[in-house]
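A short worksheet on the structure shown next.
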Amino acid sequence: MKKTVLVTGASRGIGRAIAEAFAREGHRLVITCSHSEAELSAFAQTLRKEYRTDVLTSVGNAGDDTYAGELYERIRSRFHGVDILINNAGISHIGLLSDMTIDEWNHIVTANLTSVFTMSRHAIPWMVHQKRGKIINISSVWGITGASCEVAYSACKGGVNAFTKALAKELAPSGIQVNAIACGVIDTQMNACFTAEEREALMNEIPAGRFGQPDEAASLALQLAAGSEYLTGQIITLDGGWT
């Protein structure tokens, strides 16, 4: 059965791979990004042409509740509601915590954690009404183990993991499942900061001997979306055995 799937941060990387995977399965899509309007529009056109599916695009700050509310108004008028929410939007910040400004802290928290709240808050009423729904949060192994020089990012992803577990308990009586994928090193633009030497050293630490691919995260998201209704509140690690 066709469902409406909202993917935040869908213009590139993991979000883009997830959106295409759901389009390939014939689902309706709502895809968002923070600023890459031309890139998002071109991607939407590709999805419409290749998979003949309905795609709604939106550009804005996923962590801004006013923006989220306006987006869901558009969704309600076109699709009624969201059946599957993929909270993927996020940014990284590398550096010493002592060098970080409060504005930088607030920016990364809004992008990585508050966005999960705003998008989930507006999706839940329709899901509760339907007595079904899936919320899948894209997290990180750093939310489990923490990373030096990525304290803010780690804190946000740790928050996403706790959010996932708590919301899953809250929504389980309504037939809604909430899970997270804690990614290891996925070969995306976010990790383009590494030099060739750093990439090789990092790969040597990973038992699988390589970085993960966005398509692998997308495949796992599809499995969670179609999987057992008894599977909820889980943080599923996708890291090639690294942690």
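The values are calculated or read from the model by the stated rules, or taken from the named source; none is laboratory data. Values in this document were obtained by computation on a predicted structure and should not be read as measured data. In this analysis, Cβ positions are derived from the backbone assuming ideal geometry, glycine residues included, and neighbour counts consider all displayed protein chains. Surface accessibility is based on the protein's heavy atoms, side chains included, excluding ligands, DNA and RNA. Shrake-Rupley method; radii C 1.70, N 1.55, O 1.52, S 1.80 Å.
When region 2-27 is filtered for residues that are surrounded by fewer than 20 Cβ atoms within 10 Å (Cβ to Cβ) and out of contact with any His (no Cβ under 9 Å at 6 or more places or on another chain), the ones remaining, listed by number, are Arg12, Arg24, Glu25, Gly26.
Taking the condition among the polar types (S, T, N, Q), farther than 13 Å from Asn87 by Cβ and touching a strand residue (DSSP E or B) at 6+ places or on another chain (Cβ under 9 Å), does Gln189 pass?
On the way: among the polar types (S, T, N, Q): yes; farther than 13 Å from Asn87 by Cβ: yes; touching a strand residue (DSSP E or B) at 6+ places or on another chain (Cβ under 9 Å): no.
It is false that Gln189 is among the polar types (S, T, N, Q), farther than 13 Å from Asn87 by Cβ and touching a strand residue (DSSP E or B) at 6+ places or on another chain (Cβ under 9 Å).
Got a number for residues in region 189-209 being in contact with a Gly (Cβ under 7 Å, 6 or more places away or on another chain) and either charged (D, E, K, R) or part of a helix (DSSP H, G or I) (or both)? Residues in region 189-209 being in contact with a Gly (Cβ under 7 Å, 6 or more places away or on another chain) and either charged (D, E, K, R) or part of a helix (DSSP H, G or I) (or both): 3 in total.
Quick one: how many residues across region 178-200 are touching a helix residue (DSSP H, G or I) at 6+ places or on another chain (Cβ under 6 Å) and among the basic types (Lys, Arg)? Of the residues in that region, 0 qualify. The residues of region 159-171 that are closer than 17 Å to Trp142 by Cα and without any contact (Cβ under 8 Å) to a residue 40 or more places away in the chain amount to a single one, Ala162. Taken over region 202-243, the criterion of being hydrophobic (A, V, I, L, M, F, W, C), free of Cβ contacts under 8 Å to residues at least 40 places away in the same chain and open to solvent by less than 50 Å² (accessible area, probe 1.4 Å) is satisfied by Leu202, Ile206, Phe211, Leu220.
Condition check ((1) out of contact with any strand residue (DSSP E or B) (no Cβ under 8 Å at 6 or more places or on another chain); (2) loosely packed, with under 15 Cβ neighbours inside 10 Å; (3) at pLDDT 95 or above; (4) not β-branched (Val, Ile, Thr)) across all residues:
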residue	(1), (2), (3), (4)
Ile136	no, no, yes, no
Lys157	no, no, yes, yes
Ala172	yes, no, yes, yes
Gln177	no, no, yes, yes
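When Ser174, Ser139, Ser148 are screened for being touching a residue at least 12 places away in the same chain (Cβ under 8 Å), more than 22 Å from Ala10 (Cβ to Cβ) and among the polar types (S, T, N, Q), only Ser174 passes.
Only one of Ser140, Ser77 is of a type outside the set (Val, Ile, Thr), modelled with pLDDT of 95 or more and more than 17 Å from the chain's Cα centre (by Cα). Can you tell me which?
Ser77 is the lone residue from the list that is of a type outside the set (Val, Ile, Thr), modelled with pLDDT of 95 or more and more than 17 Å from the chain's Cα centre (by Cα).
Of the residues making up region 179-194, none is more than 17 Å from Ile14 (Cα to Cα), in contact with a Lys or Arg (Cβ under 9 Å, 6 or more places away or on another chain) and either at pLDDT below 95 or surrounded by fewer than 14 Cβ atoms within 10 Å (Cβ to Cβ) (or both).
Across region 82-89, not a single residue is classified as more than 18 Å from the chain's Cα centre (by Cα) and surrounded by 20 or more Cβ atoms within 10 Å (Cβ to Cβ).
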